Amino acid sequence: MIQIRDIKKSFGSLEVLKGIDLTIEKGEVVSIVGPSGAGKTTLLQIIGSLDRADSGSVTFGGQDITRLSQRKLADFRNRHIGFVFQFHQLLPEFSALENVMIPALIAGTPRRQAKERALHLLELMGLEDRRDHKPAELSGGEKQRVAVARALVNDPDVILADEPSGSLDTKNKTELHSLFFNLRDKLGQTFVIVTHDETLAALTDRTIHMRDGQIVTDCEQPQAADTPQDMPVVETAAEGEENQEESREEDREESSEKDRENTITETEQTA
Ligand SMILES: Nc1ncnc2c1ncn2[C@@H]1O[C@H](COP(=O)(O)OP(=O)(O)OP(=O)(O)O)[C@@H](O)[C@H]1O
Ligand SMILES: [Mg+2]
């Protein structure tokens, strides 16, 4: 699904990526590990089109995104890629619900539908009673789960996560990891996760070891992890769409283009 071919990247005279080749299949949870400075974040940012490689290609379902203009790239990223960072990076002025809705509004989803989807995801994360809280009023684990809901709102091809549990305590860390595997099992969600956490890496389907800008090993885990059974049941995207089909028609008519523009403007001002 995602093909990375001969990616090279330097910062000045520092060669950070020295020709990375990697293929990621749909529904895989892939971890990227390696010492500090190995180029893990740089690679993830290039896969996610947040940074450009000096050479090489990144192809999503046959489309070479390294060739897209900045504007098309921003649109592609919004629709196809979800990001989760070490520090949630939620917008402080907005509630949990609004933070989750914003990427959907930017993608042109009518407000009512965006809200329904966001509420559904917050519920899935066990956060329905925190919907109106701003990030400062949420715990670290809650913020990260809001960030995961936000990453999922446009039903992305892949979620790219850079040390997503790096700032969490053991309990929240375990919960977040279970959530990833649950989303993989129930939705077929693809993840690429950069992590220093060996427990998480050991649970993923495949672990890529990087050192000095190169992949040194790419190992499939002998056994996929069992997802803990006490996680909330995840509704499949198809089921969700069926439920939303009726309201979608009405929403199209009252298309809240204005709302969308307002939110985007507010977001830009806040960001
Ligand atoms: N914008 C930049 N300008 C100059 N050098 C950079 C830049 N971004 C990263 N580097 C350098 O590139 C190298 C790889 O950085 P990267 O952030 O990809 O490492 P990493 O594997 O994610 O490390 P860590 O585990 O510490 O997060 C480092 O030596 C870093 O200093
Ligand atoms: Mg890093």
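The values are calculated or read from the model by the stated rules, or taken from the named source; none is laboratory data. Note that this is a predicted model, so its numbers are computed, not measured. Positions of Cβ are backbone-derived with ideal geometry, glycine not excepted, and every protein chain shown enters the neighbour counts.
Annotations
- As for the stretch 66-82, it holds at least one residue that is over 23 Å from LEU168 (Cβ atoms) and hydroxyl-bearing (Ser, Thr, Tyr).
- SER95 vs. criteria at pLDDT 95 or above, more than 16 Å from ligand 1 (Cβ to nearest atom) and within 23 Å of LYS9 (Cβ to Cβ): no
- Subset tally (residues that are within 19 Å of ASP157 (Cα to Cα) and free of Cβ contacts under 8 Å to residues at least 40 places away in the same chain) for the stretch 72-108: 6
- Number of positions in the stretch 34-67 that are within 13 Å of ILE193 (Cα to Cα) and touching a Phe, Trp or Tyr at 6+ places or on another chain (Cβ under 8 Å): 1
- Failed item in (1) over 21 Å from HIS80 (Cα atoms); (2) assigned to a helix (DSSP H, G or I), with PRO103 passing the rest: (1)
- The stretch 57-71: number of residues that are small (Gly, Ala, Ser) and either in contact (Cβ under 8 Å) with a residue 60 or more places away in the chain or within 12 Å of ligand 1 (Cβ to nearest atom) (or both): 1
- Exactly one residue among LYS26, LYS9 is charged (D, E, K, R) and either within 16 Å of ligand 1 (Cβ to nearest atom) or in contact with a Pro (Cβ under 8 Å, 6 or more places away or on another chain) (or both), and that residue is LYS9.
- Close pairs (8 angstrom Cβ cut-off, 6 or more residues apart or separate chains): on the phi > 0 side of the Ramachandran plot and within 16 Å of ligand 1 (Cβ to nearest atom) in the stretch 162-174, outside any helix (DSSP H, G or I) and among the small types (Gly, Ala, Ser) anywhere: none
- A Cβ distance below 8 Å, combined with a sequence gap of six or more or placement on separate chains, defines the contacts here; from the stretch 42-56, residues that are in contact (Cβ under 8 Å) with a residue 40 or more places away in the chain and hydroxyl-bearing (Ser, Thr, Tyr) reach residues that are more than 10 Å from ligand 1 (Cβ to nearest atom) and outside any helix (DSSP H, G or I) in the pairs SER55/ASP6; SER55/ILE7; SER55/LYS8.
- Matching option when the condition is modelled with pLDDT of 95 or more, within 20 Å of VAL84 (Cα to Cα) and in contact with a helix residue (DSSP H, G or I) (Cβ under 9 Å, 6 or more places away or on another chain), among ILE7, ILE46: ILE46
- Restricted to the stretch 152-192, and to residues there that are assigned to a loop (DSSP other than H, G, I, E, B) and touching a Lys or Arg at 6+ places or on another chain (Cβ under 7 Å), the residue that is surrounded by the fewest Cβ atoms within 10 Å (Cβ to Cβ) is GLY188.
- Subset of the stretch 40-72 [away from ligand 2 (no atom under 16 Å from the Cβ) and either under 16 Å from the mean Cα position of the chain (by Cα) or at positive phi (or both)]: SER49, GLY56, PHE60, GLY61, GLY62
- All conditions in (1) away from ligand 1 (no atom under 16 Å from the Cβ); (2) outside any helix (DSSP H, G or I); (3) among the aliphatic types (A, V, I, L, M) hold for LEU122, with the sole exception of (2).
- So GLU98, is it of a type in the set (Asp, Glu), in a loop (DSSP other than H, G, I, E, B) and over 24 Å from GLY166 (Cβ atoms): no
- Filtering MET1, MET101 for residues that are in contact with a Gly (Cβ under 7 Å, 6 or more places away or on another chain) and surrounded by 15 or more Cβ atoms within 10 Å (Cβ to Cβ) leaves a single hit, MET1.
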